[in-house]
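The next block holds one structure in the form of structure tokens; read it before the comments.
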Amino acid sequence: MTETSDATSTGRDAFDVVLGEWHVSNRKRVDMLDQDSDEWVEFRSRGVHRPLPGRAGNLETYETYEMPGVGEFHGLALRLYDPAEDIWRIWWSSSLTPGKLDPPLEGRFDAGRGTFVTDDVIAGRSIRVRFVWSDLGVDRASWEQAFSRDEGQTWDTNWVMNMTRAEG
């Protein structure tokens, strides 16, 4: 049975649809900073999203043992909802940069699409980073990461994840 949802939730419950365990198909540019590169890799991973107490947000653990050029890779996303500002903040950390949290991305959902942005410095370059959550449903979700070198005028997508819910 395939259930679907338009996931038009906003505010505190916007990420509820992704709670649970997911199989992830990844497509990632080998050099995420080289917008002219057309070399991409594909691999599988697993994500588990758990609610935080008091519905303050959620925590995602991400793992793969087959990321090309890396092998074993682990990540963690902490997502917190700020009801006073009606925004979500997303912090990311991974096994590639142990002991560090990336600057939080901020944003919200509108008509089933969540857009979150921040400014960061990656490999010495000032970069605007964007996460987009879309196609949210009971059994599927999509996420993409893009970088902008011109303060958001143009975006270069460098990582796409298509998720399907793991069978219970």
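Values as computed for the structure displayed
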{"item": "Qualifying residue in region 147-167 (condition: at pLDDT 95 or above, touching a Pro at 6+ places or on another chain (Cβ under 9 Å), assigned to a strand (DSSP E or B) and aliphatic (A, V, I, L, M))", "result": "no"}
{"item": "Selected residue [surrounded by fewer than 18 Cβ atoms within 10 Å (Cβ to Cβ), on the phi > 0 side of the Ramachandran plot and either in contact (Cβ under 8 Å) with a residue 24 or more places away in the chain or of a type in the set (Phe, Trp, Tyr) (or both)] from GLY57, GLY99, GLY11", "result": "GLY11"}
{"item": "Residues of region 66-81 classified as touching a Lys or Arg at 6+ places or on another chain (Cβ under 9 Å) and at pLDDT below 95, total", "result": "3"}
{"item": "Subset tally (residues that are basic (Lys, Arg) and crowded, with 17+ Cβ neighbours inside 10 Å) for region 110-139", "result": "2"}
{"item": "Conditions (1) in a strand (DSSP E or B); (2) in contact (Cβ under 8 Å) with a residue 12 or more places away in the chain; (3) out of contact with any His (no Cβ under 8 Å at 6 or more places or on another chain); number of the one not met by TYR65", "result": "(2)"}
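The values are calculated or read from the model by the stated rules, or taken from the named source; none is laboratory data. It should be emphasised that the depicted structure is a prediction, and the values quoted were computed from it without experimental measurement. Quick reminder, even Gly has a Cβ in these numbers, built from the backbone with ideal geometry, and neighbours come from all protein chains shown.
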